[in-house]
């Protein structure tokens with residue numbers, strides 16, 4: 001099978017990934033092999049390729065927004081069979097016994113493993129994954145449109161909940177890529193007023209098309225104080241900007257797995273008035289199930305830019321340079 005490997009991370013322009021031929025992986029106990037039909041291109045994949053997140057194994061196949069069909073089943077599998085349509089997401093396994101897992105916070109498990117970082121992911125024609133960490137995908141959404149839901153959607157959903165947006169509240173979204181353009185639709189469907197602040201003119205147009213009340217530059221002030229904000233851009237300089245835009249009692253949730261350094265904060269300007277700054281770490285499987293249910297209710301529509309599997313390196317370069325709106329998706333076959 002064809003697969004992209006990251007062996008020596010580096011700037012995406014330097015070609016840190018290579019397309020290789022590999023044998024088909026065989027599922028072990030509790031695993032299935034999934035024939036990949038589509039895989040979303042996430043900024044986390046770019047961080048792995050460039051070394052901001054050093055790969056936990058080398059070589060590693062990136063990709064964790066995977067849609068495909070079960071084609072082989074390992075010993076002990078109970079709930080999935082050959083032919084089932086499934087999604088493979090970022091969270092690949094947890095220990096199930098630590099204090100975090102036992103209290104429903106499996107996203108914080110110290111022994112958690114992640115698709116496309118610890119385990120080979122979906123920039124390939126097939127992969128193996130644990131049966132218990134897969135999602136059955138709803139009917140009525142095609143493979144390419146479903147792929148971004150499996151990380152951009154799930155992480156965005158968790159970030160929206162952790163941002164503590166009140167009913168009918170005012171939400172600011174900093175950055176407007178694969179995750180934010182889905183969150184905007186969810187928030188609008190729930191009655192929120194959404195203000196988007198992002199660098200790309202095309203992204204600002206898309207935000208308005210999707211129901212945002214305003215769309216300005218990343219460092220601009222929104223037209224009104226915000227009850228909640230989510231930072232999707234991996235730019236630490238925007239943390240004080242977003243905090244300053246919050247109303248009293250507001251919350252800023254930082255949704256990325258990687259962030260450049262945050263400059264010094266001034267207490268009176270950025271935190272006083274019971275403003276909250278919090279991070280968002282991975283996701284639970286319950287987040288994934290809740291997102292898929294919310295996507296059905298809100299008739300969530302992903303804006304996608306398809307690329308052939310052979311062009312995964314170009315898709316990541318285009319992501320780095322902001323050359324498309326919404327989310328890129330690799331299409332296999």
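The values are calculated or read from the model by the stated rules, or taken from the named source; none is laboratory data. A quick note: this is a predicted structure, and the numbers were derived from the prediction, not measured. Using ideal geometry, Cβ is built from the backbone for each residue, glycine included, and neighbour counts are taken over all protein chains shown.
I'd like the residue in the stretch 198-209 that is in contact (Cβ under 8 Å) with a residue 40 or more places away in the chain and in a loop (DSSP other than H, G, I, E, B) and, out of all such residues, is surrounded by the fewest Cβ atoms within 10 Å (Cβ to Cβ). The selected residue is 199.
Exactly one residue out of 163, 124 is more than 16 Å from residue 285 (Cα to Cα) and either at pLDDT below 95 or not assigned by TED's automatic domain parsing to the domain that holds residue 22 (or both): that is 163.
In the set (1) more than 18 Å from the chain's Cα centre (by Cα); (2) farther than 29 Å from residue 51 by Cβ; (3) crowded, with 16+ Cβ neighbours inside 10 Å, residue 311 fails one condition alone, (2). Among the residues of the stretch 39-79, write down those that are assigned to a strand (DSSP E or B) and closer than 18 Å to residue 317 by Cα. Of everything in the stretch 39-79, those that are assigned to a strand (DSSP E or B) and closer than 18 Å to residue 317 by Cα turn out to be 39, 40, 41.
To keep it simple, each residue is scored yes or no on (1) within 25 Å of residue 93 (Cβ to Cβ); (2) out of contact with any helix residue (DSSP H, G or I) (no Cβ under 9 Å at 6 or more places or on another chain); (3) in a loop (DSSP other than H, G, I, E, B).
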residue: 261; (1), (2), (3): no, yes, yes
residue: 273; (1), (2), (3): no, yes, yes
residue: 292; (1), (2), (3): yes, no, no
residue: 300; (1), (2), (3): no, no, yes
residue: 307; (1), (2), (3): no, no, no
residue: 314; (1), (2), (3): no, yes, no
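The single condition from (1) without any contact (Cβ under 8 Å) to a residue 24 or more places away in the chain; (2) touching a helix residue (DSSP H, G or I) at 6+ places or on another chain (Cβ under 8 Å); (3) assigned to a strand (DSSP E or B) that residue 100 fails is (3).
Within the stretch 151-179, the set of residues being buried (at least 24 other Cβ atoms within 10 Å of the Cβ) and without any contact (Cβ under 8 Å) to a residue 40 or more places away in the chain is empty.
Consider residue 112 carefully, then state whether it is touching a strand residue (DSSP E or B) at 6+ places or on another chain (Cβ under 8 Å), within 22 Å of residue 3 (Cα to Cα) and not assigned by TED's automatic domain parsing to the domain that holds residue 245. Criteria not met by residue 112. Here residue 148 clears all of (1) in the same structural domain as residue 74 (by TED's automatic domain parsing); (2) not in a loop (DSSP other than H, G, I, E, B) except the condition numbered (1).
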